[in-house]
Amino acid sequence: MSDPILLTDEAMQHFIREGYVIVQSALPKSYHDAMYARLEPLEEDGLVGHNNLLPMVPELRELLDEPVVRGALLSILGPDYYLHFHRHDHVNPPEKVRTMTAWHLGDGRLHKDGERHAHHMVDGRRHHATRFVMLFYYPQDTTLEMGPMGIVPRSQYLLRSALDEDDKIPLSGDAGTVMIVHFDIAHGRFGANRTDIPRHMVKFLYTRNLDPTSPSWDHRTPDWTATADSQEPIWQYIWNWHLGAAPRRAHRSDQNTDGLVERLRGANVAEAIGAAYTLGNLGAVDPLLEALTSSDVDLRCVAGYGFPPLGAESVAPLLGLLDGAGPERCVQVADILGDIGPRAVDALPVLTQFCHHDAPVVRHYAIESIGIVGQAGSGAPEELVDALRDDDAIVRHYAALTAARFGTRAAALPGIVDALKDNLYHDHHHVRGWSIEALQRLGTVDGLDAALKYLMATRWDYAHTSGEPWHYDQRR
């Protein structure tokens, strides 16, 4: 396989700021024409489409394995990224023959993808660190007339209430255009398809396995090109996060802190979130804690963003909120600790205790956060195996994700392979999906054997009768 073509500093900063990057496939036009023909007869939301896209059109792997595509993904997600098991061909049929429901097309309205594929939100707060992205691919030349995908640049770190349909821009492009966007970018169909042929756009999800410890792109300078935008504190934090560097701390004065608190509580969402990041950079924990414990959900949401920039200094104040706390507070604290990541390693004993909590929702956030915070440790807690057998499917879902993140460090846990094997037949799609990934990442002979046997038994054959070709020409 050819070496990946990595992104430059400029391209990475564009992705962090704008929320997307575009690359062009080097595969010939005949390849993209063939992909279009293979996608056309599939069901967008049926068994022969949607999550079964790759079994139905396995040649799509050629595109995903291209040096320019692999290089962009590696640059953004690190070398150990994972192709998520959810994927979807978004079809925009010609307007004059449209029979699909508004639900299928989303009416083109702006939305952010459901957090069930990435992270379940607390108080509406999505994590800003780049742990999930979406990849969009056009197999045909896609003009404005075809109704391309539309996005709102710089929307990935903002709340839905701050978005405006008028800010949406079209992402047009030739066949072979590949767009990689932050999972939380606001997007939607830009317009109706005024042509005579359907517009296809294949979506794949990708997941970062480990938080960065060093740059994974073609990095030349740590300097960030600053602007006067109110989101600047967010972007600079995410840049440093991708560098694997500690957050940059600013000098504190009571005067600028007062102004920041005012903006934190203001109506401008971008300014409020930027103020939370700056307060964290200043070490101003008291106003953040006061806002985090407010009865105002939106204020709690915004305040939570101040703790990742505060880093390890967040741990003691956050744990201090747990004295006599109910499930909602435990969830809030566990969620923020997970967002902080490995720098919150001192909180691991508390997160491990939460794995025994009576409330399933607390166990869910605890085991998910352990998978991120625990990257700073040398092993995996025994509670992980119990979580893989939890009565609650969402707890099992995140336990399997955590097992995948720990990989070989979890291989020595007694019973982990058997627990993951049992989950391969769970009725929850995400439990099955993450369990198969975890078995592969454990690196044990019995784990790999279990994964291979399962995949061989459940593989999908797109030829519905033995020895016969599919109902369209497969030859290229």
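Couplings 3J(HN,Hα) for region 267-278, derived from phi with the Karplus relation 6.51 cos²θ - 1.76 cosθ + 1.60 (θ = phi - 60°), are 8, 7, 5, 4, 5, 5, 5, x, 5, 4, 4, 5 Hz, where x marks Gly and Pro.
If R0 is taken as 60 Å, the Cβ-Cβ distance between Lys453 and Arg220 corresponds to a FRET efficiency of 0.80. Close amide H pairs (under 5 Å, H built 1.01 Å from N) link Phe132 with Phe183, Arg208, residues at least 5 positions away or on another chain. Between the amide H of Thr142 and those of Gly173, Asp174, Ala175, distances stay under 5 Å, these residues lying 5 or more places away or on another chain, with hydrogens modeled in the peptide plane. The P(r) of region 9-207 has a tail past 26 Å containing 28 percent of all C-alpha pairs.
A simple rule links phi to the HN-Hα coupling: the Karplus curve 6.51 cos²θ - 1.76 cosθ + 1.60 with θ = phi - 60°, which for region 76-90 gives 8, 10, x, x, 10, 5, 9, 6, 5, 7, 9, 8, 6, 9, 7 Hz, with x for Gly and Pro. Both the radius of gyration and Dmax for the chain are 22.8, 77 Å, in that order, over alpha-carbon atoms. Residues whose amide H comes within less than 5 Å of that of Val48, counting only those at least five positions distant or on another chain, are Glu43 (H built at 1.01 Å from N in the peptide plane). Dipole magnitude for region 9-207: computed about the Cα centre from +1 point charges on Lys and Arg Cβ and -1 point charges on Asp and Glu Cβ, it is near 380 debye.
Under 19 Å of direct C-alpha separation, and excluding same-chain neighbours fewer than eight residues apart, Lys453 reaches these lysines: Lys421.
Starting from the Kirkwood radius over alpha-carbon pairs of region 345-476, derive D by Stokes-Einstein at 4 °C in a medium of 1.567 mPa s and give it in µm² s⁻¹. My calculation gives 83 µm²/s for D. Diffusion coefficient (Stokes-Einstein, Kirkwood radius over C-alpha pairs, 20 °C, 1.002 mPa s) for region 122-262: 120 µm²/s, rounded to a whole number. Taking only the alpha-carbon positions of region 218-309 and ignoring solvent, what does the Debye formula give for the base-10 log of I(q)/I(0) at q = 0.12, 0.18, 0.21, 0.22 Å⁻¹? Result of the Debye calculation: -0.36, -0.76, -0.99, -1.07. Couplings 3J(HN,Hα) for region 225-239, derived from phi with the Karplus relation 6.51 cos²θ - 1.76 cosθ + 1.60 (θ = phi - 60°), are 7, 7, 10, 9, 5, 5, 8, 3, x, 5, 4, 5, 5, 5, 4 Hz, where x marks Gly and Pro.
Read the figures in this text as sums done on the coordinates, not as results from a lab. Keep in mind that what you see is a predicted model, and the values were worked out from it rather than measured. Positions of Cβ are backbone-derived with ideal geometry, glycine not excepted, and every protein chain shown enters the neighbour counts.
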